[in-house]
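Okay, so here's the structure we're looking at.
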Amino acid sequence: MTDLLKHLCLIDGTSGDEDSVREFVISQIKDYCEYKTDNLGNIICFKKGKKRPLKKVMVDAHLDEVGIIITSVTENGFLKFSVVGGIDTTALMFRKVKICDRVNGVISGKPYHLLSGESRKKAPQTDSLYIDIGAKSKSEALELVNIGDRAVLTSDFEVLGDNIKSKALDDRIGCLVLISLLKEDSEYDFYATFTVQEEVGLRGAKTATYAIEPDAAIALEATTAADIPSSADDKKVCCVGKGVAVSFMDKATVYDKEYYKAAIGSGIPCQPKAAVAGGNNSGSIHLSGKGVRTIALSAPCRYIHTSSSIASLTDIENMLSLARYMLNGIAGGSIK
Amino acid sequence: MEIKDLLFTLSGKTGIGSITEAQKTAYEILGEYLEPQITDDFNVIGFLSGKSDYAIMLDAHIDQIGFVVTDIDENGFLTVSNAGGIDIRALPSRAVTVHGKQKITAVFCSTPPHLANGDTEYTDITEIKLDTALGEKAKEIVSIGDYVTFTGDCFPIANGRVCGPSFDDRAGVACVLELAKRLSGKELPVNVVFCLSNGEELGLRGVRTAAFSVEPNEAIAIDVTFGDGLNISADEACGLGEGGMIGISPVLDKKVSQKLISVAKENNIPYGLEVMGSKTGTNADMLGISRKGVKAATLSIPLRNMHTAVEILDLGDLSAVCDLLESYILSGGVSND
């Protein structure tokens, strides 16, 4: 499982540029289900189970990750950029980036020695940063990169005790769990979607859900764990290693109360996502068509949307168990 | 070894406090040309004899910036203090190496999105905890007083430029080692001292004892200086690819600076000038006032993103620095003036 997750995380797939991740996911699932790719680039899969379900269930994970898009080149060969999805400036400064999996660069800014007083302690505006690829002029830079190219912050995938550290844990963890569900024999037929453009407004999930018209949905995600010393106890949201985070409400969704209760009462290690913050594909899914009863199961993840996110391998195993439990319960009718 | 390989090899080693991987590597490389020694305070020093009693010291500092662990909590979070100048703005979510009973990776905490107010400000490094992700087991591996250093690989970017951690001042160290290679076996007009000094980032410490014991007549500190960038003005920084920067400052010896300039001109070696109104912030400040005084100079390599894990320099500048130092030594420095 760790090897597959490592492989998934190290592929670059900024929103709108998910091709490489999609190809790899298809290579993993193609022998286990029927699948097609829609106009946006979502993978829509149908998994045949032993039995026909009482409810049509869709299980979703998103392919894309946060990153960077090159917007212009200065006369002296530096690249200006916009962030794709939410990335804090401190996570960008003085980091190595890979542009189109090809060109090395470094996100640079004015070194602190050349700043005075208070500005030494304040994160600068993101738009004051730029990427240095070593080019000396605009024309030289444009021989190496194109306007519109995507870049990601590079990172090693490392195992730290029971935990892992990597880029793109949001949401390659979800992809891993969904691939695992597809690879095993299923009790009931279900749909699986690997969706694009989640980080730029939950967009892929809109068309995928429209196409499937499910009765119920399970979103597999990674969510903010703020279990760090600077967070007060009531601001920790959820804790790494303390079980799957189950959402009751966030900025995009009010989740199905019965499903929430069923997940929390499952006996599988889990915890409430104890904040009304953030959002995920559920926001698009639960409002699709005539409405879809939706639950989100997430791996608690520290430093989410940075190149050094940390999550627990045990939480991920529990996420697979809980996803299977909810899928079978909803499809089979034991979860009302 | 090519200068790039030399730089990458040196930058991959750790040299901070009592961790002396970098010194051992430099010692082995220097040992190919002469008989160096590692002193009790972890300076690496070697000599090549010349025809006169006059001695010129080529100095680069071998230590790097980092952190030291001051507290370990029961959840595996460390409090650290900086060892050398650190840009705290760029620490959150950065992975670093903790040199405990074994080397482990840890990540500086970043403000979670729901708690960020869009105006991130840090008052002190001790506020930014370091996450080992090992929980209570962290204490089995990490002890108070352990060192922490930036993690990062060395890699090329365009135009013969390269990026990596600790180029400050492994770039200078690479030049000093290259000079030992170039000058060994040659007939030298003066004695040459190769000094890779420890503890520069903590207050020019190693060079103090090194200069005291060696007593050179003249010394050149080979260090890095601020490289250019976007919205960094020409009076704040030096362009990359224009050669080494010869220092001119009231605390430096005027004749040595002038001689460096004239040697560069005579041999068509690219160079620039770095004019400073007072102290240079390099080992030269300490060298000048060692014992009865040493004629001190600086020759600096422009470096972008100084004191980060992604320092950038131009390999052409390293070659220019080596060319200039070689010609300068062979000219005898200012020994005849």
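The values are calculated or read from the model by the stated rules, or taken from the named source; none is laboratory data. On a predicted model such as this, the values are computed, not experimentally measured, just so you know. Reconstructed Cβ throughout: ideal geometry from the backbone, glycine too, with neighbour counts over all protein chains shown.
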Could we say that B:Asp87 is outside the structural domain of B:Tyr33 (by TED's automatic domain parsing) and in contact (Cβ under 8 Å) with a residue 60 or more places away in the chain here? yes
Within the stretch A:286-317, the count of residues that are crowded, with 24+ Cβ neighbours inside 10 Å, away from chain B (no Cβ under 14 Å) and assigned to a loop (DSSP other than H, G, I, E, B) comes to 0
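Based on this model, can you work out whether A:Ile133 counts as touching a residue at least 40 places away in the same chain (Cβ under 8 Å) and surrounded by 18 or more Cβ atoms within 10 Å (Cβ to Cβ)? Even if it seems obvious, please write down each step before you answer.
Values: touching a residue at least 40 places away in the same chain (Cβ under 8 Å): yes; surrounded by 18 or more Cβ atoms within 10 Å (Cβ to Cβ): yes.
So A:Ile133 passes the test.
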Restricted to the stretch B:88-120 and to residues being under 24 Å from the mean Cα position of the chain (by Cα) and assigned to a loop (DSSP other than H, G, I, E, B), the residue farthest from A:Asp156 (Cα to Cα) is B:Gly100
For A:Ile147, are the conditions met, namely being more than 9 Å from every other protein chain (Cβ to nearest Cβ), in a strand (DSSP E or B), among the β-branched types (Val, Ile, Thr) and more than 30 Å from B:Gly76 (Cβ to Cβ)?
no
Restricting the stretch B:183-206 to residues that are touching a strand residue (DSSP E or B) at 6+ places or on another chain (Cβ under 8 Å) and of a type in the set (Asp, Glu), the one surrounded by the fewest Cβ atoms within 10 Å (Cβ to Cβ) turns out to be B:Glu201
ask   = Taking the condition surrounded by fewer than 20 Cβ atoms within 10 Å (Cβ to Cβ), over 16 Å from the mean Cα position of the chain (by Cα), of a type in the set (Gly, Ala, Ser) and within 18 Å of A:Thr253 (Cβ to Cβ), does A:Ala274 pass?
value = yes
Considering the stretch A:104-123, residues that are more than 7 Å from chain B (Cβ to nearest Cβ) and more than 24 Å from the chain's Cα centre (by Cα), and then whichever is nearest to A:Leu144 (Cα to Cα), we arrive at A:Gly109
- Query: Does the stretch B:232-244 include one or more residues that are free of Cβ contacts under 8 Å to residues at least 24 places away in the same chain, away from every other protein chain (no Cβ under 14 Å) and out of contact with any helix residue (DSSP H, G or I) (no Cβ under 7 Å at 6 or more places or on another chain)?
  - Reply: no
All conditions in (1) surrounded by fewer than 19 Cβ atoms within 10 Å (Cβ to Cβ); (2) small (Gly, Ala, Ser); (3) closer than 24 Å to A:Ser307 by Cβ are true of B:Gly145 except (3)
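Identify all residues within the stretch B:310-337 that are hydroxyl-bearing (Ser, Thr, Tyr) and part of a loop (DSSP other than H, G, I, E, B); write none if there are none. Lay out the reasoning, then the answer.
Restricting attention to the stretch B:310-337, the residues satisfying the condition of being hydroxyl-bearing (Ser, Thr, Tyr) are B:319, B:327-328, B:331, B:335.
Scanning the stretch B:310-337 gives B:Ser331, B:Ser335.
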Per the filter on the stretch B:153-196, residues more than 29 Å from A:Leu144 (Cβ to Cβ) and assigned to a helix (DSSP H, G or I) are B:Asp169, B:Gly172, B:Val173, B:Val176, B:Leu177, B:Glu178, B:Leu179, B:Ala180, B:Lys181, B:Arg182, B:Leu183
Within the stretch B:160-169, restricting to residues that are more than 14 Å from B:Ser300 (Cβ to Cβ) and more than 10 Å from every other protein chain (Cβ to nearest Cβ), the one that is farthest from the chain's Cα centre (by Cα) is B:Pro165
The number of residues in the stretch B:1-27 that are assigned to a loop (DSSP other than H, G, I, E, B), among the small types (Gly, Ala, Ser) and in contact with a Gly (Cβ under 9 Å, 6 or more places away or on another chain) is 2
Within the stretch B:78-97, residues being more than 7 Å from every other protein chain (Cβ to nearest Cβ), among the hydrophobic types (A, V, I, L, M, F, W, C) and under 22 Å from A:Ala226 (Cα atoms) number 4
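One line per residue, one yes/no per condition, for (1) under 18 Å from A:Ser298 (Cβ atoms); (2) in a helix (DSSP H, G or I); (3) free of Cβ contacts under 8 Å to residues at least 40 places away in the same chain; (4) not assigned by TED's automatic domain parsing to the domain that holds A:Phe24:
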| residue | (1), (2), (3), (4) |
| --- | --- |
| A:Leu181 | yes, yes, no, no |
| A:Thr193 | yes, no, no, no |
| A:Gly201 | no, no, yes, no |
| A:Ala205 | yes, yes, no, no |
| A:Asp227 | yes, no, no, no |
| A:Lys242 | yes, no, no, no |
| A:Glu258 | no, yes, no, no |
| A:Ala275 | yes, no, no, no |
| A:Ser284 | yes, yes, no, no |
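Residues of the stretch A:276-293 being within 24 Å of A:Gly86 (Cα to Cα) and β-branched (Val, Ile, Thr), which ones?
Correct list: A:Val276, A:Ile285.
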Among (1) crowded, with 20+ Cβ neighbours inside 10 Å; (2) within 14 Å of chain A (Cβ to nearest Cβ), B:Val321 falls short only on (2)
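Scanning the stretch B:34-49 for residues that are part of a loop (DSSP other than H, G, I, E, B) and touching a Gly at 6+ places or on another chain (Cβ under 8 Å), which turns out nearest to B:Gly185 (Cα to Cα)?
Within the stretch B:34-49, the subset part of a loop (DSSP other than H, G, I, E, B) is B:34-36, B:39-43, B:49.
From what's left, touching a Gly at 6+ places or on another chain (Cβ under 8 Å): B:34-36, B:41-43.
Details: B:Leu34: 10, B:Glu35: 13, B:Pro36: 16, B:Asp41: 29, B:Phe42: 27, B:Asn43: 24 Å.
Of everything passing the filter in the stretch B:34-49, B:Leu34 is nearest to B:Gly185 (Cα to Cα).
Every residue, every condition in (1) away from every other protein chain (no Cβ under 13 Å); (2) surrounded by fewer than 21 Cβ atoms within 10 Å (Cβ to Cβ); (3) touching a Ser or Thr at 6+ places or on another chain (Cβ under 6 Å); (4) under 16 Å from B:Ile141 (Cα atoms), yes or no:
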site	(1), (2), (3), (4)
B:Ile62	yes, no, no, no
B:Phe67	yes, no, no, no
B:Gly76	no, no, yes, yes
B:Val107	no, no, yes, yes
B:Asn117	no, yes, no, no
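Which of the residues that make up the stretch A:54-83 are in contact (Cβ under 8 Å) with a residue 60 or more places away in the chain and within 9 Å of another protein chain (Cβ to nearest Cβ)? Break it down stepwise before answering.
Keep residues of the stretch A:54-83 that are in contact (Cβ under 8 Å) with a residue 60 or more places away in the chain, which gives A:54-79, A:81.
Scanning the stretch A:54-83 gives A:Thr74, A:Asn76, A:Gly77, A:Phe78.
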Can B:Gly272 be described as surrounded by fewer than 21 Cβ atoms within 10 Å (Cβ to Cβ) and in contact with a helix residue (DSSP H, G or I) (Cβ under 9 Å, 6 or more places away or on another chain)? no
Residue count, the stretch B:125-141, condition at the interface with chain A (Cβ under 9 Å from one of its Cβ atoms) and not in a helix (DSSP H, G or I), comes to 6
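Taking the stated definitions as given, is A:Val246 within 30 Å of B:Glu136 (Cβ to Cβ), surrounded by 24 or more Cβ atoms within 10 Å (Cβ to Cβ), touching a strand residue (DSSP E or B) at 6+ places or on another chain (Cβ under 9 Å) and more than 14 Å from every other protein chain (Cβ to nearest Cβ)? Write out each step before concluding.
Values: within 30 Å of B:Glu136 (Cβ to Cβ): yes; surrounded by 24 or more Cβ atoms within 10 Å (Cβ to Cβ): yes; touching a strand residue (DSSP E or B) at 6+ places or on another chain (Cβ under 9 Å): yes; more than 14 Å from every other protein chain (Cβ to nearest Cβ): yes.
Yes; evaluated as a whole, the condition is true for this residue.
Given A:Gly86, A:Gly49, which one is assigned to a loop (DSSP other than H, G, I, E, B) and within 11 Å of another protein chain (Cβ to nearest Cβ)?
Numbers: A:Gly49 fails: within 11 Å of another protein chain (Cβ to nearest Cβ).
Just one listed residue meets the conditions, A:Gly86.
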